[in-house]
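Novice: Structure below; questions to follow.
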Amino acid sequence: MSRRIGIIDLGSNSIRLILMYIGSNGSYRLLDEIKETARIGENMGPERVIKQPALERAVQTIKLLQKFCRANKADSVYGVATAAIRSAVNGGEVLETIMKETGVSFRILSEEEEARYAYLGVVNSLDFHDALVMDIGGGSTELILCRERKMVQWTSLPFGAVTLSENFLPTSLAEPEQIEQLENFLTRQFAAVPWLETARGLEVIGVGGTMRNLGRMDRKRTRFSLNILHNYRIHAERVKDIYELLQNTSVDERKAIPGLSKERADIILGGVAAAVKLLDYTGAPGIRVSGSGLREGVFYEYLFRDWPEPIITDVTEHSVQNFMDLYRVRREHAEHVAKLSLSLFDQLRPLHGYGLWERKILRIAALLHDVGNVVSYYNHHKHSMYVLLNAKIDGLSHRERVLVALIAASHGRIDLKFKLQQHADVLFPQDGMLVRRLGTLLRMGENLDRSSSGVVEDVVCTIKENEVQIDCLASENADLEIRELYKKVTNFNKVFGKKFKFPKE
C-alpha cells in the first residue's frame with residue numbers, strides 16, 4: 001500500500017515541509033515542499049526566550065502546513081524542532097502551545113541528532129568518500145567530518161545565519177568594522193574545534209538555505225545550463241566573489257540579486273561569511289551544494305527503519321533502481337538492452353578504448369532509455385532526455401547526468417550538435433564522440449531486442465581489418481531485430497571506423 005509522509009522542520013529562520021510519496025513497490029519521491037519564513041528565533045536575546053509574535057507566526061504557519069497535509073491525504077506528519085526551540089528556556093511551553101493549536105507534535109532534536117539527520121540526508125543522496133559537511137541553520141551550524149562515507153566527527157556551533165546577522169550586522173549596509181568583528185568571531189569558533197585540523201583540504205558539502213541560495217546565485221552568475229541545484233559545485237574563489245558582492249550591497253539591493261531569495265536578503269551575508277571563513281580555515285577547494293539535508297535525513301530514517309543502518313551503500317545504483325520503479329520502466333526489456341549494449345561495449349573495446357566509468361554511463365542510459373514512455377510513446381526518446389535532465393537522480397555528477405540523458409535519447413533521432421553546444425559548460429570537448437559511440441551501442445542493443453522478447457540472447461563480435469562481424473546467439477528467428485538494426489544504425493562506420501555486418505545465413 002502506498003503512503004504519503006509529511007515532515008515539518010521547525011527551524012530558527014524558516015519552517016519547511018516536505019511531502020514524500022512511498023509507492024507499494026517501495027519506490028519513493030518528493031511530492032511537494034513548502035517553506036515559510038516564520039523567524040521563531042528572532043530577537044530571543046540573552047534571556048533565550050521565544051517571543052509571543054514569533055510564536056504566533058509559527059502557529060499560523062504550522063496550521064497552514066497541517067491543512068496542506070490533510071488536503072493532500074498525508075498518512076502521517078512528523079515534526080522536528082532544532083536550535084531555537086532547543087536553546088529557548090520556554091521551548092517546551094512553545095511546543096505545547098503548537099500541539100494544542102495545530103495538532104502537530106514536534107520532537108526537539110539534540111545537537112547530535114540534528115547533525116546526524118543532516119549527514120543522513122547527504123550520505124543517501126550524494127556520491128562521495130571523504131568530505132566536511134556544513135549545515136548552516138538560523139541559530140546553529142553543524143559541522144560533520146565524513147571519512148569513507150561514515151560520520152566520524154561532529155560539532156554544533158552556537159551561531160547561524162539569523163544570529164550572526166542580529167549580533168554583528170545590525171545595519172542594512174555592512175560596515176568594515178562589523179565585517180572584521182564577524183570574521184574574527186568565526187575564526188575563533190572554528191579554531192576551537194580540535195578535529196577540524198584533520199579536515200584540511202576536503203571539499204565542503206553545503207546544507208541549508210544559505211548554501212542553496214549561494215548555489216542559486218552562482219548558477220545565475222555563470223549562466224549554468226542545467227536547472228539543478230543538488231550536487232552543484234562552487235569554486236572557493238566564486239564563493240568569495242559573492243561574499244564581496246553581498247558586503248557592498250544593502251538589504252534592499254540584495255533583493256534584486258538574481259538567485260537570492262528576497263526573504264533571505266537580510267541574513268544571507270552572515271551565513272555566507274560563515275561559509276567563507278570555513279573555506280579559509282580548512283583550505284577547502286569549494287562547496288558542493290546538497291539539496292538534501294535534515295528533513296530528508298528524517299525521511300530516510302523512516303523509510304529504512306528496518307535496515308541495520310539507514311544508509312544507502314551505492315547511491316547511484318539505488319537511485320537508478322528507484323527511478324525505474326517510479327516510472328514503471330519495463331524491467332525485462334531495459335535490463336536486456338543493457339546486457340546487449342554492454343556486451344557490444346566489452347567486445348569492441350579495442351575500437352573505443354573506454355573503461356569502467358564509460359561502461360557505467362552506458363549501463364545507466366540503457367536501463368533508463370525508455371523512461372520517456374511515461375509521457376508518450378511518440379518521441380519517447382526526447383521525453384526520456386527531458387526527464388533525465390530534470391528529474392532527481394542521485395549520485396550522478398551534472399556531467400554524468402547530461403551524458404546519460406543524451407545517450408539514452410540516442411536510440412531515436414535528436415539534434416545532438418545543438419544539445420552538445422547547449423551544455424558545453426558541463427561537458428568536456430571529447431564528450432561529443434563519447435555520446436555518439438555509446439549512443440550507437442545503445443541503439444544497437446535496443447534494436448537487437450526490438451520485439452522485447454529476448455530473442456537475441458547475446459552477440460559475438462569479431463573485429464576484422466575493415467569490418468566487425470556480429471553473430472547473434474538467438475533462441476529463434478531474429479530477422480526483425482537484424483532488419484531493424486540495419487535500418488536504424490547508420491553511423492557505426494563513422495564513429496568506430498569500420499562497417500558492421502551479420503554473417504549470411
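The values are calculated or read from the model by the stated rules, or taken from the named source; none is laboratory data. It should be emphasised that the depicted structure is a prediction, and the values quoted were computed from it without experimental measurement. Ideal geometry is used to build each Cβ from the backbone, glycine not excepted, and the neighbour counts take in all protein chains shown.
Novice: Could you give me the residue pairs with C-beta distances under 7 Å whose first residue belongs to the stretch 107-119 and is assigned by TED's automatic domain parsing to the domain that holds ARG288 and hydroxyl-bearing (Ser, Thr, Tyr), whose second residue is buried (at least 24 other Cβ atoms within 10 Å of the Cβ) and part of a strand (DSSP E or B) wherever it lies, and which are 6+ apart or on separate chains?
Specialist: Pairs found: TYR119/VAL133; TYR119/ILE144.
Novice: Any idea which residue in the stretch 312-357 is nearest to LEU396 (Cα to Cα), counting only those that are modelled with pLDDT of 95 or more and among the hydroxyl-bearing types (Ser, Thr, Tyr)?
Specialist: THR316
Novice: Are there helices (runs of 4 or more DSSP H) fully within the stretch 145-259 with at least 3 residues that are farther than 23 Å from SER12 by Cα? List them.
Specialist: Once the helices (runs of 4 or more DSSP H) in the stretch 145-259 are filtered for at least 3 residues that are farther than 23 Å from SER12 by Cα, what remains is 176-191, 209-222, 236-247.
Novice: Contact list please: Cβ distance under 8 Å, first residue in the stretch 265-277 and of a type in the set (Lys, Arg), second residue surrounded by 24 or more Cβ atoms within 10 Å (Cβ to Cβ), pairs at least six apart or on different chains.
Specialist: LYS277/LEU186
Novice: Further question on the same structure: Residues being surrounded by 14 or more Cβ atoms within 10 Å (Cβ to Cβ) and either of a type outside the set (Phe, Trp, Tyr) or assigned by TED's automatic domain parsing to the domain that holds ARG436 (or both): count how many of those fall in the stretch 494-504.
Specialist: Number satisfying all stated conditions: 2.
Novice: Is it the case that the stretch 473-486 has a residue that's touching a His at 6+ places or on another chain (Cβ under 8 Å) and either surrounded by 14 or more Cβ atoms within 10 Å (Cβ to Cβ) or more than 17 Å from LEU441 (Cβ to Cβ) (or both)?
Specialist: No; the residues of the stretch 473-486 include none that is touching a His at 6+ places or on another chain (Cβ under 8 Å) and either surrounded by 14 or more Cβ atoms within 10 Å (Cβ to Cβ) or more than 17 Å from LEU441 (Cβ to Cβ) (or both).
Novice: Right, here's the next one. Of the conditions (1) on the phi > 0 side of the Ramachandran plot; (2) buried (at least 23 other Cβ atoms within 10 Å of the Cβ), GLY259 fails just one. Which one is it?
Specialist: Of the numbered conditions (1) on the phi > 0 side of the Ramachandran plot; (2) buried (at least 23 other Cβ atoms within 10 Å of the Cβ), the odd one out for GLY259 is (2).
Yes/no per residue for (1) surrounded by 24 or more Cβ atoms within 10 Å (Cβ to Cβ); (2) among the hydrophobic types (A, V, I, L, M, F, W, C); (3) modelled with pLDDT under 95; (4) in the same structural domain as ARG39 (by TED's automatic domain parsing):
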position: ILE144; (1), (2), (3), (4): yes, yes, no, no
position: ARG147; (1), (2), (3), (4): no, no, no, no
position: GLN153; (1), (2), (3), (4): no, no, no, no
position: SER156; (1), (2), (3), (4): no, no, no, no
position: PHE168; (1), (2), (3), (4): no, yes, no, no
position: GLU180; (1), (2), (3), (4): no, no, no, no
position: PHE185; (1), (2), (3), (4): no, yes, no, no
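Novice: Here is a further query. If GLY79 satisfies every condition in (1) over 17 Å from GLY297 (Cα atoms); (2) buried (at least 17 other Cβ atoms within 10 Å of the Cβ) but one, which is the exception?
Specialist: Unmet condition: (1).
Novice: Could you list, in sequence order, the residues of the stretch 307-326 that are of a type in the set (A, V, I, L, M, F, W, C) and surrounded by 15 or more Cβ atoms within 10 Å (Cβ to Cβ)?
Specialist: Those that are of a type in the set (A, V, I, L, M, F, W, C) and surrounded by 15 or more Cβ atoms within 10 Å (Cβ to Cβ): ILE311, ILE312, VAL315, VAL320, PHE323, MET324, LEU326.
Novice: I'd like to check which helices (runs of 4 or more DSSP H) are fully inside the stretch 368-454 and have at least 3 residues that are buried (at least 18 other Cβ atoms within 10 Å of the Cβ), out of contact with any Pro (no Cβ under 8 Å at 6 or more places or on another chain) and modelled with pLDDT of 90 or more.
Specialist: Fully inside the stretch 368-454 and qualifying: 380-390, 398-409, 431-447.
Novice: So, in the stretch 1-43, of the ones that are under 20 Å from the mean Cα position of the chain (by Cα) and basic (Lys, Arg), which residue ends up surrounded by the most Cβ atoms within 10 Å (Cβ to Cβ)?
Specialist: Out of the qualifying residues, it is ARG16.
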